[in-house]
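Comments concern the structure below.
Every read-out reported here was derived from the displayed coordinates using simple, explicitly stated rules and does not represent laboratory data. In this text, all values refer to a predicted model and were calculated from it rather than measured experimentally. Because the Cβ atoms are built from the backbone with ideal geometry, glycine has one as well, and the counts that use them run over all protein chains shown.
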Amino acid sequence: MAEKSPPDVEACLLAHLNSGGEVPDSRSYASSLSVTHDELEAVIKSLSAFRIVETTDITKETWVLTDEAKGYVAGGSPEAQLVAAIPPEGASKDVLREKLGSVFDIGMKTAAKNKWIGFEKGNKDLVLRKVDTIKDDLQEQLKRLENGEVLSDKVIDDLKRRKLITKEKSIWYALKKGPQFVAKRKKLATDVTQEHLRSGDWKDLEFKDYNFGAQGQPIAIGYVQPLLEVVREEIQNIFLQMGFTEMPTNNYVESSFWNFDALFQPQQHPARDSHDTFFLEAPAATKQLPEDYLEKVKEVHQRGGYGSKGYGYDWKRDEAEKNLLRTHTTAVSTRMLYKLAQEKPFAPKRYYSIDRVFRNEAVDRTHLAEFHQIEGLICDYGLTLGDLIGVLEDFFSSLGMSKLRFKPAYNPYTEPSMEIFSYHEGLKKWVEVGNSGMFRPEMLLPMGLPEGVNVIAWGLSLERPTMILYGIDNIRDLFGPKVDFNLIKSNPLCRLGLQ
Ligand code: FB9
């Protein structure tokens, strides 16, 4: 018997209304067309959107059975199942629990209350039947409810208490012709196709109005992290106001040479092994390094110079050629200072960078394997530690951190070096807000920077200030794979390039 094709619901409905037919109850009309109410509802919604039909909503709250209750309609109430499971000689609780699972406990309570079961004197474990037949009221009540019968409030409360029913709002419609009623809706064209042009029927086509309010197709774009973006912009503006120029940081992959060797960081320094640094498998090694400069770096590592005795170890080119994910944006500072050194005559420069760096570190509340490093440097004749402290005061006071303290520190590429601390009124404690120092001559002079030119520099992260400013306790809620993406997507600030 050929499968009956589903009726054209819209055509049937419009014809029915056109012939003066009424639709007082969309549910029964749907079953008269033997289509689901959902199918009819979709047509109703579209026709009423064009006011071809007018709808009156009819709502009713009905009690619906939970899956557990549906199980009892099928298999009997827990108490009934329990009694049915007890053999004439009785059964132990374990046996019954084994047999009935979670139904056992529920059944025991009600069956005992209904005095359907009992126990042998002195043997609380043996469950005995007290009745031959039982009347499974619960099953019967659930069935009646399923058939739409109205039950007493007491029964309803009891079923609600046993979480066997939930309230469901169902809505259906009374329909009548709308102000824009038509017996047959002209299929509005949305496009002039080749077929239309060939058949010529484009002449009497009616076109759908353009919906200029329609949201465009969501385009798969990247999103910036809103909070980081706000703080990044704030810090960027501080640098620009202080006359700094941004360094190009669009290369996450760097060579060990620019990330470490050029910074006079010895090749056996712990930070240079894969415990701290992500080395690349492919491309594993860089192809282009400035030969003459490389020789000078090799020399200063091996035998020193410029008043330094160097490290006195056998410097290896292939170690310097290893590619990695940069561990600090100081690698970019190195490239820019080398480039600056090639520009004669020397001109003082103020540079800053704010971008991602990668460290193979254990992830915890404040550390991820990647974060955004903020770095500032000033390159000029005769700069001193006092100049560094001065510019740090300016920079951090613009960030609202006026009270600073400095603690001597060590970095392979700066001497002297200082950790920077600020007293945070909100947290009522001194917070480490960064690190700083004066780049070593062993780093600067091999580049070709003139004698007497010093470089003061400092660094901090973008995540830490953002966490403190926005009271975010765990960095994983701010950045990285565990961030709530919808939060990000829904924040207008985050839509890349749509500002
Ligand atoms: O950001 C950091 N702390 C910080 C900064 C601002 C801030 O603002 C609040 C609104 C009040 C709060 C906190 N730190 C640097 C300090 C610590 O968080 C530290 O535990 C973690 N550090 C990161 C590195 O972790 C391994 C932050 C990151 C950091 C550290 C050093 C540098 C850059 C980033 C540097 C440098 C440098 C030194 C000399 C020359 C050139 C660059």
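Below is a table of values for the structure above.
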{"quantity": "Calculated log₁₀ intensity ratio I(q)/I(0) where the Debye formula runs over C-alpha points of region 226-490, q = 0.07, 0.14 Å⁻¹", "calculated": "-0.25, -1.02"}
{"quantity": "Under 13 Å, Cβ to Cβ, from LEU462 - net charge with Lys/Arg +1 and Asp/Glu -1", "calculated": "-4"}
{"quantity": "Length-normalised contact order of region 372-464 in % [C-alpha pairs under 8 Å, at least 6 apart]", "calculated": "39"}
{"quantity": "Region 246-266-region 42-63 distance, computed between alpha-carbon centres (Å)", "calculated": "65"}
{"quantity": "Calculated SAXS-style log₁₀ I(q)/I(0) at q = 0.13 Å⁻¹ - region 226-271, Debye, Cα scatterers", "calculated": "-0.53"}
{"quantity": "Local net charge near PRO179, Cβ-Cβ under 12 Å (Lys/Arg +1, Asp/Glu -1)", "calculated": "+2"}
{"quantity": "Relative exposure of TRP63, TRP430, judged by other C-beta atoms within 10 Å (fewest first)", "calculated": "TRP430, TRP63"}
{"quantity": "Difference of contour (0.36 nm per residue) and Cα-Cα distance, ILE221 to VAL155", "calculated": "18.2 nm"}
{"quantity": "The chain - share of DSSP beta bridges that are antiparallel (%, nearest 5)", "calculated": "95"}
{"quantity": "Ranked list, fewest to most other Cβ atoms within 10 Å of each Cβ, for TRP202, TRP315", "calculated": "TRP202, TRP315"}
{"quantity": "Calculated diffusion of region 266-334, Stokes-Einstein form, Kirkwood radius summed over Cα pairs, 20 °C and 1.002 mPa s, µm²/s", "calculated": "162"}
{"quantity": "Projected area, mean over directions - region 162-255, Cα convex hull, nm²", "calculated": "20.9"}
{"quantity": "Amide hydrogen neighbours beyond the local backbone of GLY90, cut-off 5 Å, H modeled", "calculated": "ARG129"}
{"quantity": "Pairs of alpha carbons in region 206-296 whose separation is greater than 18 Å (percent)", "calculated": "72"}
{"quantity": "Additional length obtainable on full extension of the chain from THR384 to ALA183, 0.36 nm per residue less Cα span", "calculated": "63.5 nm"}
{"quantity": "Computed P(r) (all Cα pairs; region 39-170; 5 Å bins; percent)", "calculated": "2, 9, 17, 16, 12, 10, 8, 7, 5, 4, 3, 3, 2, 1, 0, 0"}
{"quantity": "Label point 7 Å beyond Cα of GLU120 along Cβ direction - residues of region 71-93 with amide nitrogen under 14 Å", "calculated": "87-93"}
{"quantity": "Kirkwood Rh, Cα atoms: Rg over Rh of region 78-135", "calculated": "0.91"}
{"quantity": "Computed Rg/Rh of the chain, alpha carbon atoms with Kirkwood Rh", "calculated": "1.24"}
{"quantity": "Neighbourhood net charge (9 Å Cβ-Cβ; Lys/Arg +1, Asp/Glu -1) for PHE104", "calculated": "+1"}
{"quantity": "Relative exposure of CYS379, CYS12, judged by other C-beta atoms within 10 Å (fewest first)", "calculated": "CYS12, CYS379"}
